[in-house]
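A short worksheet on the structure shown next.
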Amino acid sequence: METMEENRMKKSIRDYETVALDDENSAVVIIDQTKLPGTTQIISLRTGEEIWEAIYLLKVRGAPAIGVTAAFGIYLLAKQTEADDFETFYQEFRRQKEYLDSARPTAVNLSWALNRMEQVCLANQEKTVKEIKALLKEEAVRIKEEDIQVCKAIGENGLSLVKPGDGILTHCNAGQLAACKYGTATAPIYLGEERGYHFRVFADETRPLLQGARLTAYELFSSGVDVTLICDNMSGMVMKNGWVNAVFVGCDRVAANGDTANKIGTSVVAAVAKRYHVPFYICAPTSTIDMNTPTGAEITIEQRPAHEVTDMWYQEPMAPEGVKVFNPAFDVTDHDLIAGIVTEYGVAREPYTESLQEIFRKKQDAMKKQEKQGKSRV
Ligand code: MRU
């Protein structure tokens, strides 16, 4: 365990892997994000219960990172299965899959990654269980590797929307700690930094769990980015002052019409941005776009315990005991407040029902091309 001071002397938080597979010791290895920024504690998750709890308690969080954790997790759980016939193996796989999927409901990446893993089982039923286990490992590793490429592409596409010296506001943490490298909303910032853009970033603290203060401000600050931490109720002022040229946020699920669920408070930022004519962009890997959900109204919003609002992070309760508390973890930003959805295949604009379909057509074409290239190499 390292203190913040020791950690700063050694390396940036971005030198650590958010999620890694330790196959030899059958563990998913993560940074316990509930301890940041004070302590960098790397923990190993071995059982289904440990993986479920780490996701539920936000030790690992952020849509892409949850997906990668679930993929490694289900592989390790499948690896431990003793069954040697497909039916028994698959039944056990399904049970573990449903259990992990129940940890958090809003981020679609959790079920997206688990479904991808399930497809590996279903498409290889004729193979031995040992062979299926090896293929599951390959798929989980691929999900992580793809995440890195996808975030980089989102960074490039996002960077085309801003110019050197711009002010950028972000909410919650859609940074490297929420993905595997670069993050989504922070990807244009990190790529811009590498190219001398010198952005001025405003990070909303993000009540009640302070992902903006504890994670985004920490990540950006330790990477040398010019970042200013603000309370959630200050975004109106900084935008009115003309200090913000663009808002970049992440997302947990984008519906087919562009309505987007992201950390609670995002919709307020979007409304304020509209008021002050600041373009509000969602940075979305296609893994977070759920074309099976028609509109934001169909997105399940996770409700979290009251003590996160009243007690957590405080030395003593900051609200009267027994007071009613409403604590949704996410809200939905209506698509008409969104200037663009920045994906790895380009920027989708209104009308999203059409532009998002076009993004998926481009994805399919790219995958077909890749497949062809792979085959011609064999
Ligand atoms: O509750 P959290 O911390 O998991 O919420 C995270 C967010 O809302 C992020 O903005 C979102 O998952 C995108 S991460 C690239």
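³J(HN,Hα) across the range 326-331 via Karplus (A = 6.51, B = -1.76, C = 1.60, θ = phi - 60°), whole Hz, x for Gly/Pro?
Values, residue by residue: 10, 9, x, 7, 9, 9 Hz.
Determine ³J(HN,Hα), in whole Hz, for all residues of the range 212-220 in sequence, where each value follows from phi through the Karplus function 6.51 cos²θ - 1.76 cosθ + 1.60 and θ = phi - 60°; x replaces Gly and Pro.
For the range 212-220, the Karplus curve yields x, 6, 6, 10, 5, 4, 5, 4, 5 Hz.
Enumerate by residue number the chymotrypsin sites (Phe, Trp or Tyr not before Pro) in the range 232-333 meeting two conditions: DSSP loop (anything except H, G, I, E, B), and at most 10 other Cβ atoms within 10 Å of the site's Cβ.
Values: sites: TRP243, PHE248, TYR276, PHE280, TYR281, TRP313, TYR314, PHE326, PHE330; in loops: TRP243, TYR276, TRP313, TYR314, PHE326.
Counting only loop positions with at most 10 other Cβ atoms within 10 Å, the chymotrypsin sites (Phe, Trp or Tyr not before Pro) in the range 232-333 are TYR314, PHE326.
Given the peptides 258-269, 78-89, arrange them by the average over their residues of other C-beta atoms within 10 Å, most packed first.
Values: 258-269: 25.5, 78-89: 14.1.
Going from most to least packed, we get 258-269, 78-89.
Between SER26 and TRP243, what is the label-point separation in nm under the 7 Å Cα-to-beta-carbon projection?
About 5.2 nm, to one decimal.
Note down the net charge around GLU98, summing +1 for each Lys or Arg and -1 for each Asp or Glu among other residues with Cβ under 12 Å from its Cβ. Before the final figure, lay out each step's value.
On the way: positive: ARG94, ARG95, LYS97; negative: GLU92, ASP101, GLU118.
Neighbourhood net charge equals 0.
May I ask for the distance between the Cα centers of the range 10-36 and the range 256-327, given as a whole number of Å?
Cα centroid to Cα centroid, the span is 26 Å.
Taking amide H positions as placed 1.01 Å from N in the peptide plane, with prolines and chain starts having none, which residues 5 or more places from GLY167, or on another chain, fall under 5 Å of its amide H?
Close amide H contacts, sequence-distant or interchain: ARG200, ASN245, ALA246.
With every protein chain in place, what's the accessible area of LYS362 (1.4 Å probe, Å², nearest 10)?
Here the residue's solvent-accessible area equals roughly 90 Å².
Grab the Cα-Cα distance for ASP85 and GLU17, subtract it from 0.36 nm times how many residues apart they are, and report the gain in nm with one decimal. Mind dumping the intermediate values first?
On the way: separation 68, 0.36 × 68 = 24.48 nm, distance 3.55 nm.
Gain on extension, ASP85 to GLU17, equals 20.9 nm.
Quick one: compute the contact order of the chain, relative version, from alpha carbon pairs under 8 angstrom and 6+ residues apart, as a percent.
Working: 724 pairs, mean separation 54.8, N = 378.
Normalised by residue count, the contact order of the chain is 15 percent.
Under 15 Å from a point 7 Å along the Cα-to-Cβ line of THR228: which residues of the range 184-203 have their amide N that close?
Taking a point 7 Å out along Cα→Cβ of THR228, the residues of the range 184-203 whose backbone N falls under 15 Å are 199-203.
Amide H to amide H, which residues 5 or more places from VAL227 or on other chains are under 5 Å from it, using H placed in the peptide plane?
So VAL227 has HN proximity to VAL201.
Which loop trypsin sites (Lys or Arg not before Pro) in the range 112-182, with loop taken from DSSP, have no more than 15 other Cβ atoms within 10 angstrom of their Cβ?
Hits after loop and neighbour filter: LYS127.
In whole Hz, with x marking every Gly and Pro, tabulate ³J(HN,Hα) for the range 343-353 from phi via Karplus 6.51 cos²θ - 1.76 cosθ + 1.60, θ = phi - 60°.
Listing the rounded values in order: 10, 6, 10, x, 9, 8, 10, 3, x, 5, 4 Hz.
Just to be sure I understand the model, the point goes 7 Å from the Cα along the line to the Cβ. What's the resulting ARG94 to ASP336 distance in nm?
Between ARG94 and ASP336, the simple spin-label model gives 4.4 nm.
Using the per-residue mean of other Cβ atoms lying within 10 Å as a proxy for protection, in what order, highest first, do the peptides 296-309, 13-26, 162-175, 58-71 fall? Please list the in-between numbers first.
Values: 296-309: 15.5, 13-26: 17.2, 162-175: 23.9, 58-71: 27.4.
Listed from highest to lowest mean packing, they are 58-71, 162-175, 13-26, 296-309.
When Lys and Arg each count +1 and Asp and Glu each count -1, what net charge do the other residues less than 10 Å away from ILE66, Cβ to Cβ, add up to?
Values: positive: ARG61, ARG104; negative: ASP252.
The answer is +1.
How many nm is it between the label spots at MET312 and GLU50, if each spot is 7 Å from the Cα in line with the beta carbon?
Inter-label distance under the simple model: 2.2 nm.
Between the range 145-212 and the range 62-115, what's the alpha-carbon centroid distance in Å?
Taking the Cα centre of the range 62-115 as reference, the centre of the range 145-212 is 29 Å away.
Below 14 angstrom from the Cβ of ARG207, what's the summed charge of the other residues (Lys, Arg +1; Asp, Glu -1)?
On the way: positive: ARG214, LYS263, ARG304; negative: ASP204, GLU205, ASP232, GLU308, ASP311, ASP331.
It works out to a net charge of -3.
The values are calculated or read from the model by the stated rules, or taken from the named source; none is laboratory data. Keep in mind that what you see is a predicted model, and the values were worked out from it rather than measured. We place every Cβ from the backbone using ideal geometry, glycine too, and count neighbours over all the protein chains shown. The protein model used for the area step is the full one, side chains on, heavy atoms only, and it has no ligands, DNA or RNA in it. Shrake-Rupley method; radii C 1.70, N 1.55, O 1.52, S 1.80 Å.
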